[in-house]
Structure formats: C-alpha cells, structure tokens
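The values are calculated or read from the model by the stated rules, or taken from the named source; none is laboratory data. As the structure is a prediction and not an experimental result, all values here were calculated from the model. Heads up, the Cβs are rebuilt from the backbone with ideal geometry, glycines too, and the neighbour counts pull from every protein chain shown.
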Amino acid sequence: MAAIRSFARSINKRGNATHFMSRTSTNTAGHRVGLIGLGNMGASMAMNLVNSATNPADVCVYDVMPGNMEKLVSIGATGCSNAGELASKCDIIITMVPATAHVTSLLKDADGIFANARKGSLIIDCSTIDPIASQNLAAEAISKELRMIDAPVSGGVTGAAAGTLTFMVGGSEDDVAHGTPTLDRMGAKIIHCGENGAGGVTKLCNNLSLAISMIGTCEAMSLGKRLGMDSNKLAEVMNTSTARCWSSDTYNPVPGVIENVPSSRDYEGGFGAALMEKDLSLAMNAATQVKARLPLGASAHQLYGLLCENDLGDKDFGVVYKYLMNSYKPKHQ
Ligand code: NAD
C-alpha cells in the first residue's frame, strides 16, 4: 500500500514529464529486435517489425507455442527456442504476453532475459501488467546494467495489424528515446507518461473507462434489438450522437454492424474477456490502495468475472452483447 502511495506521489511529481514523443529519424538498422509473445497482438506487431526491417532476419521471435512462430519464420524472421536465446541475440527485447506472472518469469527464469541479455540492452514490456511490478522489474534490470521501459498499448488487434497502436510509455527520457524508433515501426503515437510504471497506470485507467463504455454500448444495443430496432440503424445514430465511442463506432459488439472486427467472427481474435477481467482486477487493486472509489469499475469487474465463469474468457470482450442477448430470452420474441 505504501508502495502504491509513494508511486502515485512520484508520478504526480513528474506530471510535467507527460508529452508526446516526436517521431524521430534515429536509425535502428543496427539494432536486432526480438519480440516474445506472438498472440493476437504480438504476431501482428512482429509482422510490422519484419516488414519494416532492412533484413527480416534481424527480427527475432519466440513464443511458448512453436506454431505461433511459423508464419513469421516463413517470411524471414529468426525463430528462437527460448527467451534467453532471443535475449542473447538482440539489443532491443520486446515482451507481449498476458500478465504480470508471464513477464516476471520471462525476465527472471534461469533461461530468461536477465540472465542472458547483453549489457545495455533495452527491454520494452508492452504487456498490460501491475505498474508496481513494472517499477520493481525495471529497478532489477538497471541493477543488471540493462535498460527497461513499460509500453502498454491501446488500439486493439486492428491497430496492431495496421501499425497504428498508441504506446503509453514509462521510463527515463534516455531509455524512452532509445526505444522510440522501434515503437514507431509498430504504432502511430508514442506518449511518454512519466517514469517506470507510468505507462501501466495510464493503460489501467484507459481500460477501466473502455470496459465501462463497452458494457454501456452492449446494453444499449441489446435493448434496441429487443425493442425491435435495426442494429445498423441504431449504431448509425449512436455514432453521430452523444453515445458515440470507440466501442460503438470502431469495434461495435453487435455481429455484422462492422466487418472485420471480432464481433463479426463470433468474437474470435480480439481482446479476450479474461484479459479485460485481469486489467479490471489490476485497476481495482490499485484503487483500493489509494482509496479511489470505482463503483462502475467494480460492476464491470464482476461482469467480466461472470463471463469467464461461463467459459467466455477467450472470446473478445465485446462478447458482453452476446451474453446479454442469450442470458434472458423473452417469451414473445
Ligand atoms: P494472447 O493471449 O493472444 O497472446 C499472448 C501470447 O503470449 C500467446 O501466443 C502465448 O503463447 C504467449 N506466451 C505466454 N507466455 C509466454 C512465455 N512465457 N514465453 C513466450 N510466449 C508466451 O494475448 P494478447 O491479446 O496478444 O495480449 C497480450 C498483452 O497485450 C496482454 O497483456 C493484454 O492485456 C495486452 N493487450 C491486448 C489487446 C488486445 O486487443 N488483444 C489490446 C491491448 C493490450
């Protein structure tokens, strides 16, 4: 608790550090970049690294599921057999795995990054994890003469595929500047939020708001549907009215309203409901420690927990709509 309070104070003190990093023209051709965690997000991010590399073999990849490396290796990326091998080959090491425990083991295991990275290498953790853990891991990295920043993302799978992600970055000015040209190859916006952990705090606040707006969109769209409203028409009006938000105009949770988003492929290949439950759990823990009240956050956390209990954890977080539509079937419809 004291840790989060003093962390909050340290971020506040550095409030004036928040700014947009300008896109730089720093040449990263000499850097070998590695990406660990080739899931819904990481696979597309690695693809953008390969596509922007002078030599595709300068991009190293690793995933515990070897099948996830195949596509990237087939276009020239270098596949590695564990995180340590990747770390020993790269100057910039990116992690994009589900949660705090995965990042911690990737860094600290005997065949992991800390034990095998070359001195001065930069670790960029793009996963959404506990910001206090990010701070502690960065301190440990520094004690091993490594550099580390947290750079969680927003933009979803569509942003990852298009290379238009927003990176919320926490770390020293020097380390963030060092990582910016690489982040530029995968995203459209890089925002330096403060020191280590500040990227994670920003991400948790963003996802708290996102969960609530997604649930709001799902409730409105399901009510409209039950009242006999055409979903496309309702979305069209909402998207030019005061209810407009990313969940309604870019990632609508009703199947068929927008092509090529997870709801239109039975909620596959998006941002898993279990990952949203994890982010809300991190936000609720942080809130408890600084005595912040999150009444809607608590309800959202409960609802995503319920989805996981109903075997919907692997489905995209817009699956709330399907859950609402299926959980109660009126007799006269
Ligand atoms: P995912 O579950 O689809 O992918 C995670 C990948 O990591 C999998 O391929 C898994 O095999 C691999 N992995 C797990 N442990 C590993 C280990 N020890 N070594 C190597 N590989 C390992 O998850 P995702 O949707 O890509 O999300 C990744 C992170 O990004 C999460 O922290 C999530 O909260 C965050 N995020 C996701 C989205 C989204 O829309 N999916 C958006 C923003 C942020």
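Is one or more of the residues making up the range 102-114 in contact with a Cys (Cβ under 9 Å, 6 or more places away or on another chain), part of a loop (DSSP other than H, G, I, E, B), within 13 Å of the ligand (Cβ to nearest atom) and at pLDDT 95 or above?
No - not one qualifying residue is present in the range 102-114.
Can you tell me which of (1) out of contact with any strand residue (DSSP E or B) (no Cβ under 7 Å at 6 or more places or on another chain); (2) of a type outside the set (A, V, I, L, M, F, W, C); (3) surrounded by 16 or more Cβ atoms within 10 Å (Cβ to Cβ) is the one PRO262 doesn't meet?
(1)
Within the range 50-73, which residues are within 15 Å of the ligand (Cβ to nearest atom) and either part of a helix (DSSP H, G or I) or surrounded by fewer than 18 Cβ atoms within 10 Å (Cβ to Cβ) (or both)?
VAL64, MET65, PRO66, GLY67, ASN68, MET69, GLU70, LYS71, LEU72, VAL73
What is the residue count in the range 148-167 for residues that are within 10 Å of the ligand (Cβ to nearest atom) and in a strand (DSSP E or B)?
Total satisfying the criteria: 4.
Take ASP130 and decide whether it is among the charged types (D, E, K, R), more than 8 Å from the ligand (Cβ to nearest atom) and over 22 Å from VAL59 (Cβ atoms).
Against the criterion (among the charged types (D, E, K, R), more than 8 Å from the ligand (Cβ to nearest atom) and over 22 Å from VAL59 (Cβ atoms)), ASP130 qualifies.
Look through the range 74-101, keep the residues that are more than 10 Å from the ligand (Cβ to nearest atom), part of a helix (DSSP H, G or I) and touching a helix residue (DSSP H, G or I) at 6+ places or on another chain (Cβ under 7 Å), and return whichever of them is nearest to ALA138 (Cα to Cα).
Filtering first and then ranking leaves ALA87.
For PRO253, indicate whether it is in contact with a Phe, Trp or Tyr (Cβ under 7 Å, 6 or more places away or on another chain) and either more than 21 Å from ALA99 (Cα to Cα) or β-branched (Val, Ile, Thr) (or both).
So PRO253 passes the test.
Give the residues of the range 263-274 that are more than 8 Å from the ligand (Cβ to nearest atom) and either of a type in the set (Lys, Arg) or not in a loop (DSSP other than H, G, I, E, B) (or both), sorted by residue number.
Result: SER263, SER264, ARG265, ALA273, ALA274.
Just to check your reading of the model, which residue among ASN260, ASN252 is at pLDDT below 95 and of a type outside the set (A, V, I, L, M)?
Exactly one of ASN260, ASN252 is at pLDDT below 95 and of a type outside the set (A, V, I, L, M), namely ASN260.
On the basis of being over 16 Å from ALA101 (Cα atoms), modelled with pLDDT of 95 or more, within 16 Å of the ligand (Cβ to nearest atom) and out of contact with any Lys or Arg (no Cβ under 6 Å at 6 or more places or on another chain), does ILE142 make the cut?
no
Every residue, every condition in (1) in a loop (DSSP other than H, G, I, E, B); (2) among the hydrophobic types (A, V, I, L, M, F, W, C); (3) free of Cβ contacts under 8 Å to residues at least 40 places away in the same chain; (4) more than 19 Å from MET41 (Cα to Cα), yes or no:
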site	(1), (2), (3), (4)
THR240	yes, no, yes, yes
ARG244	yes, no, yes, yes
TYR251	yes, no, no, no
ILE258	yes, yes, yes, yes
MET276	no, yes, no, no
LEU282	no, yes, no, yes
ALA292	yes, yes, yes, yes
GLY297	no, no, no, yes
